[in-house]
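> What follows is a structure written as structure tokens; I'll ask about it next.
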Amino acid sequence: MLLTLRVKKVLCVLQKSGGTQLKLVMTFTNYGQALLKPMKQERDEETNYNLYYFSDFERHNAEIAAFHLDRVLGFRRVPPVVGRLVDVVEEIKDVTTDRKLARTFFTSPVGSVCFYGQCSYYCSTEHAVCGRPRLMEASLGVMLPDLSLAPRRTWRSPWRRSYSRSKRAKWETDPDYCSSVKKTPPYNKGTRLLDFMDMVILDFLMST
């Protein structure tokens, strides 16, 4: 699986809809798929601590670190992720059928091939991702099978953020919130709440 992500020939590339930042879906010649996150900042570049949360770039190598940390902790819940040098022209521009994505390619003044796609944040010429001059570092994570092949359910996190600069989430103001969650399905039976806590710990360790 990991070898496939690193070397398999790319058949098609589309931009993934939704989300705040640029992500691509790569389809390989064996019809497997991976989610690509491009390198947008250097590894030693630190985030300004005054930034509002979620206004930072998504780091491609955080996905790789999460996969290995998950294995070290024995959770086995993070899909395989690898790093790969992607040819921006041969493996993205020349094989994409996404017209909106294709229109965002350009060549920088120093001859690097760049693109920026379309998303809620950081999808503009000022925040383009570029090859050097054509090779771009990225993370590739295995996509879960289609719901028609692997049916599954989704639950929103009880401790999700409010995504508001002025409104606080209920868990931030209610001292008895945790007790109410423990009585609410599906967290009131089995190990689901404990499994969720495992993921919270993983998320915390990733951010430290």
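> Suppose we filter LEU149, LEU101 for residues that are under 21 Å from the mean Cα position of the chain (by Cα) and of a type in the set (A, V, I, L, M, F, W, C); which single one remains? Give the steps one after another, and end with the answer.
On the way: LEU149 fails: under 21 Å from the mean Cα position of the chain (by Cα).
The conditions single out LEU101.
> Right, next: Among the residues of region 152-181, write down those that are closer than 25 Å to ASP70 by Cβ and open to solvent by 80 Å² or more (accessible area, probe 1.4 Å).
To start, the set of residues in region 152-181 that are closer than 25 Å to ASP70 by Cβ comprises 152-161, 171, 178, 181.
Correct list: ARG152, ARG153, THR154, TRP155, ARG156, ARG160, ARG161, TRP171.
> Please state which one of GLY111, GLY190 is within 22 Å of ARG77 (Cα to Cα) and either part of a loop (DSSP other than H, G, I, E, B) or of a type outside the set (Ser, Thr, Tyr) (or both). Walk me through it before giving the result.
Numbers: GLY111 fails: within 22 Å of ARG77 (Cα to Cα).
On inspection, the qualifying residue turns out to be GLY190.
> Okay, moving on. Find the residue count for region 61-82, including only residues that are within 16 Å of the chain's Cα centre (by Cα) and over 16 Å from MET197 (Cα atoms).
Here the count works out to 11.
> Cβ contacts < 8 Å: first residue modelled with pLDDT under 90, restricted to region 141-158; second residue open to solvent by less than 100 Å² (accessible area, probe 1.4 Å), any location; separation 6+ or different chain. Result?
These pairs meet every condition: LEU144/PRO79; LEU144/ALA150; TRP155/PRO186.
> So, restricting to helices (runs of 4 or more DSSP H) that lie completely within region 1-104, which ones have at least 3 residues that are open to solvent by 80 Å² or more (accessible area, probe 1.4 Å)? Full working, then the answer.
Values: elements: 2-7, 60-73, 99-102.
Here the list reads 2-7, 60-73.
The values are calculated or read from the model by the stated rules, or taken from the named source; none is laboratory data. Since the model is a prediction, treat every value here as computed from it, not as a measurement. Neighbour counts are summed over all protein chains in view; Cβ atoms, including those assigned to glycine, are modelled from backbone coordinates with ideal geometry. Remember, those area values only see protein heavy atoms, side chains included, never the ligands or the DNA or RNA. Shrake-Rupley method; radii C 1.70, N 1.55, O 1.52, S 1.80 Å.
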